[in-house]
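What follows is a short report on a single structure.
The values are calculated or read from the model by the stated rules, or taken from the named source; none is laboratory data. This one's a predicted model, so the numbers in the text were calculated from it and none came from an experiment. Methodologically, a virtual Cβ is constructed for each residue, glycine included, from the backbone with ideal geometry; neighbour enumeration extends over all protein chains shown. Calculation scope for accessible area: heavy atoms of the full protein, side chains included, ligands and nucleic acids excluded. Shrake-Rupley method; radii C 1.70, N 1.55, O 1.52, S 1.80 Å.
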Amino acid sequence: MAAADHPDTLAHGHLKRHALIVEFGDTVLNTATLQDVFDDAVVKTAEGTGAERCRLMRYRPEFNDMLVCAATGCRTGTVGSPERTAANSPAGRSFRTGLPVYAEDLSEEGQGMADEVLTRHGIASPLYVPIRISNGIFGSLEVESETGRRFPADSEFFLRAIANLIGLAVMRASAAADIAAVRKLGAASAAEHTTMLCEMRHRMANGLQTILSTLNAEVRETKERSVLAALERVTRRVVAIGKAHARLDDARLGGNADLDIYLAGLCADIMTPPGIRMETELLPVKADHGTALPIGLIVNEAVTNCLKHAFPHGHGRIHVRLNLISEKRARVSVLDDGVGPSRCTRGASGTDIMNSLARSIGGTIMRSAGAFGGTTVIVEFPTHN
């Protein structure tokens, strides 16, 4: 058995790819510009597949071509260059069919344009996957190898997961731009504004469902228990993002959200075992969308950690508090009366995610043993009211 085919090696590769998916999900959630998302996507895609080169392309209907938006491992000048007609290019085939495209697919079609593009770039083995958005296909994500190897099926799944997260970022940016334009012009009625918010929610829900479908497909293909556990963690976080967005729309008032209403809804959504009691003490606090969503995800992650680690005997209490500590600053606390941080292991990836989310809103996060046992997680953050 070759070293690359050894089960331990394969399992390590799976875990690495799933870790990259989680990290890229954080980028999509926390990064301000779409170009930063594109740049991170090609780096993580190349790392996860071991490909020499990676490109991200979008379709331009006005030119009928595929424009390179981001690339790694390619020659200078690749980014910003078009790949001529989408009808004949290799990336264009993935765009047209909505399916992954391998080198042999291009050979079977016998397109001279495809052969010319591959030869010009010195590509022996490419893999293209479409980047989907709610109303069609945005473009394609491509990895390229200079050797004749065929990328395995798990690389295809990895590319599809990254591509779906890219699509989610594109839809979110598009919806945000639409709403900002309407507000700037002051031309939208209340009904039109409500319709636009509903459309934004619909786009987000479709994107998240596509990601979940991709993850579930990989679960069915995976037998390694450690890989399955990693997939389950990713899936839980995608579901949490979806619920957080839905609850945030319910709590929104104008440009701000009622954070107390938002967190009350999120806590009500979390399923707790019969022996665990969830309590909330939420005072009125308003925050903008960019602050409220990360706070909701931090609370979800902290409560989930409590449920997983704090109560080995199956009974206890979780208390979520929210209050203002000054005119422009608030605090949210998640406390439990479980075994405490010294006697249970908290998930490292979950801790990293909470730290990243807190930093993204200019907040600070602290963890400590509770005064009467258990663990306390405190996040202090600006409200920007």
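Please verify whether G73 is at pLDDT 80 or above, surrounded by 15 or more Cβ atoms within 10 Å (Cβ to Cβ) and on the phi > 0 side of the Ramachandran plot, treating the condition exactly as stated.
yes
Given the structure, is I318 surrounded by 23 or more Cβ atoms within 10 Å (Cβ to Cβ) and over 20 Å from T364 (Cα atoms)?
Working: surrounded by 23 or more Cβ atoms within 10 Å (Cβ to Cβ): yes; over 20 Å from T364 (Cα atoms): yes.
The answer is yes for I318.
Looking at region 45-63 only, could you name the residues that are within 18 Å of G139 (Cα to Cα) and surrounded by 15 or more Cβ atoms within 10 Å (Cβ to Cβ)?
First, the residues of region 45-63 that are within 18 Å of G139 (Cα to Cα): 45-46, 53-63.
Scanning region 45-63 gives T45, A46, R53, C54, R55, L56, M57, R58, Y59.
If the requirement is being closer than 17 Å to E380 by Cβ, touching a strand residue (DSSP E or B) at 6+ places or on another chain (Cβ under 6 Å) and open to solvent by 40 Å² or more (accessible area, probe 1.4 Å), which of these qualifies: D260, D337, D288? It would help to see each step written out before you state the result.
On the way: D260 fails: open to solvent by 40 Å² or more (accessible area, probe 1.4 Å); D337 fails: closer than 17 Å to E380 by Cβ.
Checking each option against the conditions leaves just D288.
If you scan region 263-292, which residues turn out to be among the hydroxyl-bearing types (S, T, Y) and under 15 Å from L324 (Cβ atoms)?
Within region 263-292, T291 is the sole residue that qualifies.
On the given criteria, is L263 modelled with pLDDT under 85, touching a Leu at 6+ places or on another chain (Cβ under 6 Å) and part of a helix (DSSP H, G or I)? Break it down stepwise before answering.
Details: modelled with pLDDT under 85: no; touching a Leu at 6+ places or on another chain (Cβ under 6 Å): yes; part of a helix (DSSP H, G or I): yes.
So L263 does not fit the description; no.
Going through region 321-342 one residue at a time, which ones are in a strand (DSSP E or B) and under 21 Å from G362 (Cα atoms)? Please lay out each step first, then the result.
Initial filter on region 321-342 (in a strand (DSSP E or B)): 321-326, 329-336.
Matches in region 321-342: R321, L322, N323, L324, I325, S326, R329, A330, R331, V332, S333, V334.
Can you tell me which residue among F24, F38 is out of contact with any strand residue (DSSP E or B) (no Cβ under 8 Å at 6 or more places or on another chain), closer than 15 Å to L168 by Cβ, open to solvent by less than 30 Å² (accessible area, probe 1.4 Å) and not β-branched (V, I, T)? Outline the logic, then answer.
On the way: F38 fails: out of contact with any strand residue (DSSP E or B) (no Cβ under 8 Å at 6 or more places or on another chain).
Sole residue among the options that is out of contact with any strand residue (DSSP E or B) (no Cβ under 8 Å at 6 or more places or on another chain), closer than 15 Å to L168 by Cβ, open to solvent by less than 30 Å² (accessible area, probe 1.4 Å) and not β-branched (V, I, T): F24.
Of the residues that sit in region 306-319 and are within 25 Å of the chain's Cα centre (by Cα) and without any contact (Cβ under 8 Å) to a residue 60 or more places away in the chain, which one is farthest from I261 (Cα to Cα)? Before you say what the answer is, go through the steps one by one.
Applying the first criterion (within 25 Å of the chain's Cα centre (by Cα)) to region 306-319 yields 306-309.
From the residues that got through so far, the ones that are without any contact (Cβ under 8 Å) to a residue 60 or more places away in the chain too are 307-309.
Working: L307: 22, K308: 25, H309: 27 Å.
So, considering only residues that are within 25 Å of the chain's Cα centre (by Cα) and without any contact (Cβ under 8 Å) to a residue 60 or more places away in the chain, the one farthest from I261 (Cα to Cα) is H309.
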